[in-house]
Amino acid sequence: MRLGDLLVRAKLVTATQIAQALQLQARQGGRLGDHLVALGAVTHKALEAFLNRMPAEPRDLDSTGIDSKELLTLLLKLIHQNQLESVRQFVDAIKLPATLVKELVKTAVERRFLLARGLRPTDTAMEMSYTMSDEGRRYTLDALQQLRYIGPAPVSLEDFTYQVNLQKLTNETVTIDRVREALRDLQFDNLIVEQVGPALNAGRAMLLYGPPGNGKTSAALRLASLFNDVIYVPYAVTVDGQIITFYDPSIHAHIPGTGPNALASDLDAGDGPSLLRKEAYDLRWIPCRRPFVVAGGELTLEMLELSYDHISHIYEAPLHMKVLGGCFVIDDFGRQLVSPTKLLNRWIVPLESAVDYLKLHTGKSFSVPFDELVIFSTNLEPEDLMDPAFLRRLPYKIEIGAPDLKLFRRIFDNQLEPHGIQIDDEQFHCIVHKIRDEKGLPLAAFQPRFIVDQIVATSRFLGQPVRLEQRFIDYAIDNLCVRRNS
């Protein structure tokens, strides 16, 4: 059941509670949501808030936010391109309710774009078969020359903005236990955990800085796992008659069991009045996990603007627009193809006002929400990358420095534990001495794993049990850096 999958994913209920509610529904009828509330699995308020964030199915063509002529043209393109014949196939392709699709089909027949081929005795109205006329084919080919978008119906910019604002990142509250759980294998100082949490709950930009090898990138990557909420992303957005493709499978992970091809909803299952009654959600939107993107040295300014294809006349949403409602990590900040100054100038207004401005090739500008957690991660000096004015716009600046001896030992012990090995104090202090005094390197959080991995690799190559043999340790520490000429 789609509603059950979404509620479990959002961690509002458990799979066991869904099973219990489904058993009650099978015996008594009614709606799944009502039974979940009756069981005490979720409060009415929490469930209602969850349902209210689901984009409602359009009641008529006007409520789609798209001109009916544009929808008719899109339907004809889909029929022509995919050789569709039945109303059921039309509904699946354009992702609009059957009643609206039938209305479009009626118009197409009246304008002689489609010809009805009739029903077989066992068919329903959804199986009514149609074929495209010569006039319809000419109209469709002409339309394809002007715009080659062929896909589910887009949503309006107004509806897109409304939905993004409904599913803000700050809707979720991150607790200290959840942060500790996400970072548990990284062995961070508790002070860092206490600083990261408020930044996550505020949804404001964060700067992670400090020397390399101490877990800045690893910490940023794990922050995505803290968010459980379900959000909805559109296949495409229309702005001033232009189409911007939005849904990107490489970024947007749809919830299992609720994929792009799902047609039915269990929200309206059952009869009788219900405070939780809600129309089926709009299938132009896909239920997804909150997106999470990491951009490194490959990031350019062009990736932060609309991409326009002069042949298809279709736009693609910029990277940061696709990440709305999620996390965007700028890794190795300062080493991108674009200079730090240009990147910061591009984002100084969005980070301050939570609104971004994009421009079509026609010259028309429009605004979109800028609701995402931006994390800058760098091992360069922040003062060398940005001026004081921009530093002020980053309310959370968290230094992730080198571990002290106590934390360094704890990290070492954790890396050795899977191999059933313990390190004594003498061996540990010998390793620290070789790293700091002989090699002249500062301690870093990555070094224990690096050394242990090298010891394991050497032991296996020699066909020996894994153990802390001194020469293996020396090999590993030597590989931390290159030899310096004396």
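The values are calculated or read from the model by the stated rules, or taken from the named source; none is laboratory data. The structure presented is a predicted model; accordingly, all values stated were derived computationally and were not measured. All Cβ positions, glycine included, derive from the backbone under ideal geometry; neighbour counts span all protein chains shown. In case anyone asks, the SASA skips ligands and DNA or RNA and just uses the protein heavy atoms, side chains included. Shrake-Rupley method; radii C 1.70, N 1.55, O 1.52, S 1.80 Å.
With all protein chains in place and ligands, DNA and RNA left out, the 1.4 Å accessible area ranks D404, D189 as D404, D189, largest first. Using a probe of 1.4 Å on the protein chains alone, the accessible area found for H44 is around 60 Å². Working note: 222 nm ellipticity from helices only, DSSP H runs with n ≥ 4, each -39,500 (n - 2.57), summed and divided by the residues of the chain, gives -12000 deg cm²/dmol to the nearest 500. Residues whose amide H lies under 5 Å from that of W285, counting only those 5 or more places away or on a different chain, are absent; hydrogens are built 1.01 Å from N in the peptide plane.
In straight-distance terms, cross-link reach from K364 covers every one of the lysines whose alpha-carbon lies under 30 Å from its own, apart from those fewer than eight places away in the same chain; here that gives K69, K77, K95, K168, K322, K342.
Exposure check, 1.4 Å probe, all protein chains in place: C288 carries approximately 0 Å² of accessible surface.
Electrostatic tally near K434: other residues with Cβ closer than 11 Å to its Cβ, Lys and Arg +1, Asp and Glu -1, net -2.
Of the options (i) -0.72, -0.79, -0.91, -1.04; (ii) -0.34, -0.44, -0.68, -0.96; (iii) -0.52, -0.66, -0.91, -1.12, only one is log10 I(q)/I(0) by the Debye sum over Cα atoms at q = 0.07, 0.08, 0.10, 0.12 Å⁻¹ as computed from these coordinates, and that is (iii).
Residue by residue, segment 171-182 carries 3J(HN,Hα) couplings of 5, 9, 9, 9, 9, 5, 5, 5, 5, 4, 5, 5 Hz when phi is fed to the Karplus relation 6.51 cos²θ - 1.76 cosθ + 1.60 (θ = phi - 60°); x denotes Gly or Pro.
Fully extending the segment from D425 to E438 would add 2.8 nm, taking 0.36 nm per residue of separation and subtracting the current Cα-Cα distance.
Surface composition of the chain: carbon and sulfur atoms hold 50% of the protein heavy-atom accessible area at a 1.4 Å probe. With a simple spin-label model that places each label point 7 Å from the Cα along the Cα-to-Cβ direction, the separation between D248 and S365 comes to 2.3 nm.
Can you tell me the relative contact order of segment 48-131? Whole percent, Cα pairs under 8 Å, sequence separation 6 or more. Across segment 48-131, relative contact order equals 25 percent.
Database remark: amide H of G30 closer than 5 angstrom to the amide H of D271 (H placed geometrically; neighbours at sequence offset of 5 or more, or on other chains; Pro and chain starts carry no H). Across segment 47-197, Cα pairs under 8 Å and at least six residues apart give a relative contact order of 24 percent. Annotation for segment 351-392: trypsin sites (Lys or Arg not before Pro) lying in DSSP loop with at most 15 further Cβ atoms inside 10 Å of their Cβ are K364. Where does helix 190-202 land angle-wise versus the long Cα axis of the chain, in degrees 0 to 90, nearest 10? Taking the Cα atoms of the chain, the angle to 190-202 is about 20 degrees.
Please figure out what share of the DSSP beta bridges in the chain is antiparallel and state it in percent, rounded to the nearest 5. Given both bridge residues lie in the chain, the antiparallel proportion sits at roughly 55 percent. Close amide H partners of L306, meaning residues 5 or more places away or on another chain with modelled amide H under 5 Å apart, are K359. The 3J(HN,Hα) values that the Karplus relation (6.51, -1.76, 1.60; θ = phi - 60°) gives for segment 136-148 are, in residue order, x, 5, 5, 4, 5, 5, 5, 5, 5, 5, 8, 7, 9 Hz. Gly and Pro appear as x. In order along segment 209-221, phi translates into HN-Hα couplings of 9, x, x, x, x, 10, x, 4, 5, 4, 5, 4, 5 Hz, rounded to whole numbers, per the Karplus curve 6.51 cos²θ - 1.76 cosθ + 1.60 with θ = phi - 60° and x for Gly and Pro. Using the 1.4 Å probe convention, the accessible area of the chain works out to 49 Å² per residue with neighbouring protein chains retained.
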